[in-house]
2 protein chains.
Amino acid sequence: MTAAGSAASAGERRSVTDPARLHEAALRLFAQHGTSGTSLQMIADELGVTKAALYYRYKTKDELVLGVVRPFLEELLRVLEAAAARRGRRAQVEAVLTGLVDVVVRGRGLYVVLVSDPTVAHLLGEHPLLRRAGDELVALLAGPDPDAAARVTVSLFLTGLVGPLHDPACADVDDEELRSTLLALGRRLLLPHRAPHR
Amino acid sequence: MTAAGSAASAGERRSVTDPARLHEAALRLFAQHGTSGTSLQMIADELGVTKAALYYRYKTKDELVLGVVRPFLEELLRVLEAAAARRGRRAQVEAVLTGLVDVVVRGRGLYVVLVSDPTVAHLLGEHPLLRRAGDELVALLAGPDPDAAARVTVSLFLTGLVGPLHDPACADVDDEELRSTLLALGRRLLLPHRAPHR
DNA sequence: GTCTATAATGCGATAGAC
DNA sequence: GTCTATCGCATTATAGAC
């Protein structure tokens, strides 16, 4: 919906006014260097503007980071809402999985920043409204009153999703195959299974 | 072996000369704020010394980061060596899994820094000697000529290992249970399995 | 809405006393 | 082996011209 199409037409000089351009550039740098390792200067250079121009849109660097991450979180919350409306745990898990994998694969770098950047984690921890996303996600996938193993499993899966997104060994995997593989892995980990031979 | 025991006796003023103390403090900060988000000042404060004192041990910040990560990588390489000496893919995977999970659980924060800090990733990419660890690890777990699904699976598992280590939802899980759960998940993901009902 | 210019602070790193 | 002091530079952030 809010795809990259609007800004993809050409190398035209669009200005920072278009938030999509800023988000796209900042995100790429955040994913590559982390938010702490990315200066406003780097973002400004990438956009062909000056640092000061960025301060017209965002009062602080923290707000910029949140601004980049927020749309992704909101998309995730919509997935969770839709999933929570389903009846039956199995249907809920399935809905979360498909929605989550889709958002994550489309988002690529965004999810990396979201789960593995300490600064972002800290910022989200301070905004309880945004924090809900993570908590609800875990609750839906782990089910009610999850034991230790279930919690570890969910945590491993959610964290692990980022791996294939930027692993050079998986660079040749196209989005469709990545989606279906991650989905299969999610089902294998999160849906009831036969216990392994012991 | 080089456990935390040597420096754990009391709050005694040990000085930076003892590398274990420096590594411990730096690691905690790296895991919490990322390497870019951790200044030498923060490390020095944590140790009760000045920035300048750190420069006696390490010429640059990069060298300090590598110094903290290296012992962990070497431990990992020993695990890989031992595993590679086994006969049969199944035994190799099993050996890598048990060794890896043990090192990761004991290392805790170290693995977080290793897999999710962009600066560390970049530094390791420049030292081909250290880079071997990651490559060999993937090769051993994914097997010869792995298809896309196998590569995605290995990547998800290796990245996912960090999740439960610092997820608050898993904070109550003790090391032993964590180890056995991660091991079970690894087997489930990386050893041949019956295809799911489709 | 973007610029130049600059303030204020913190950074990594060095020099030299002890 | 650790200190104080400092250099040079990058950083976040602001003020004011256009």
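Say we join alpha carbon atoms closer than 10 Å with springs in a Gaussian network model of chain A; which of A:D62, A:D135, A:D102 then has the biggest fluctuation? Looking only at A:D62, A:D135, A:D102, the biggest GNM fluctuation is shown by A:D135. An oblate overall shape is assigned to the range B:120-198, the ratio a/c of its alpha-carbon gyration tensor axes (a ≥ b ≥ c) being 1.5 or greater and a/b not exceeding b/c.
Sorted shortest first, the distances from the B:A171 label point to those of the same residue in the other copies are 3.9 nm; each point sits 7 Å from Cα along Cα-to-Cβ. How many angstrom lie between the Cα centre of the range B:136-193 and the Cα centre of the range A:123-146? A separation of 23 Å, based on Cα centres.
Which value at 222 nm does chain A reach when only helices count, each DSSP H run of 4 or more adding -39,500 (n - 2.57), with the total divided by all residues and rounded to the nearest 500 deg cm²/dmol? After summing the helix terms and dividing by residue count, I get -22000 deg cm²/dmol. Charges only on Cβ, +1 for Lys and Arg, -1 for Asp and Glu: so what's the dipole of the range B:15-61 about the Cα centre, in debye to the nearest 20? For the range B:15-61, the charge dipole is close to 180 debye.
Only Lys, Arg, Asp and Glu carry charge here, each on its Cβ (+1 for the first two, -1 for the last two); on that basis the protein assembly as shown has a dipole of about 520 debye about its Cα centre. The GNM of chain A, with springs linking C-alpha atoms under 10 angstrom apart, assigns the highest mean-square fluctuation among A:A142, A:A31, A:A85 to A:A85. Taking the longest Cα principal axis of chain B as reference, the axis of helix B:89-107 is set at about 30 degrees. Charged side chains reduced to their Cβ positions (Lys and Arg at +1, Asp and Glu at -1) give chain A a dipole of some 440 debye around its Cα centre.
Of B:A148, B:A139, B:A91, the residue with the greatest mean-square motion in the GNM of chain B, using alpha carbon springs below 10 Å, is B:A148. Work from the charge dipole of the range B:69-190 (Cβ charges, +1 for Lys and Arg, -1 for Asp and Glu, about the Cα centre) and give the residue of B:A133, B:P164, B:A91 farthest towards its positive end. Working it through, the farthest residue towards the positive pole turns out to be B:A91. With label points set 7 Å from Cα along Cα→Cβ, the inter-copy distances at B:H127 are 3.7 nm, sorted shortest first.
Radius of gyration (Cα atoms) of the protein assembly as shown, expressed as a multiple of 2.2 N^0.38 Å: 1.02. The 3J(HN,Hα) values that the Karplus relation (6.51, -1.76, 1.60; θ = phi - 60°) gives for the range A:156-168 are, in residue order, 4, 5, 4, 6, x, 3, 5, x, x, 5, 9, 6, x Hz. Gly and Pro appear as x. Closest approach of any chain A Cβ to the axis that rotates A onto B belongs to A:G160, 1, distance given in whole Å.
In order along the range A:118-134, the phi-based Karplus estimate (6.51 cos²θ - 1.76 cosθ + 1.60, θ = phi - 60°) of 3J(HN,Hα) comes to x, 5, 5, 4, 5, 5, 5, x, 8, 9, x, 5, 7, 5, 3, 3, x Hz; Gly and Pro are listed as x. Pairs of Cα atoms nearer than 8 Å and 6+ residues apart set the relative contact order; for chain A it is 20 percent. Each other copy holds its own label point for A:D62; taking that point as 7 Å from Cα along Cα to Cβ, the gaps run 3.2 nm, nearest first. Using the alpha carbons alone, the radius of gyration of the range B:43-198 stands to its Kirkwood radius in an Rg to Rh ratio of 1.02. In chain B, taking the dipole from charged Cβ atoms about the Cα centre, the farthest positive-side position among B:P192, B:P118, B:H33 is held by B:P192.
Taking the charge dipole of the range A:70-190 about its Cα centre, with +1 at Lys and Arg Cβ atoms and -1 at Asp and Glu Cβ atoms, the residue from A:V104, A:A148, A:F72 reaching farthest to the positive side is A:A148. Our analysis of the range B:15-61 gives Rg over Rh at 0.92, with the two radii drawn from alpha carbon positions and Rh computed by the Kirkwood formula.
By the rule of a C-alpha distance below 27 Å, with chain neighbours fewer than 8 residues away ignored, the lysines paired with B:K51 are A:K61, B:K59, B:K61.
Since every read-out is calculated from the coordinates, none of them should be taken as a lab result. Just so it is clear, the structure is predicted and the values come from calculations on it, not from any experiment. Counting neighbours? That spans all protein chains shown, and the Cβs are built from the backbone with ideal geometry, glycine included.
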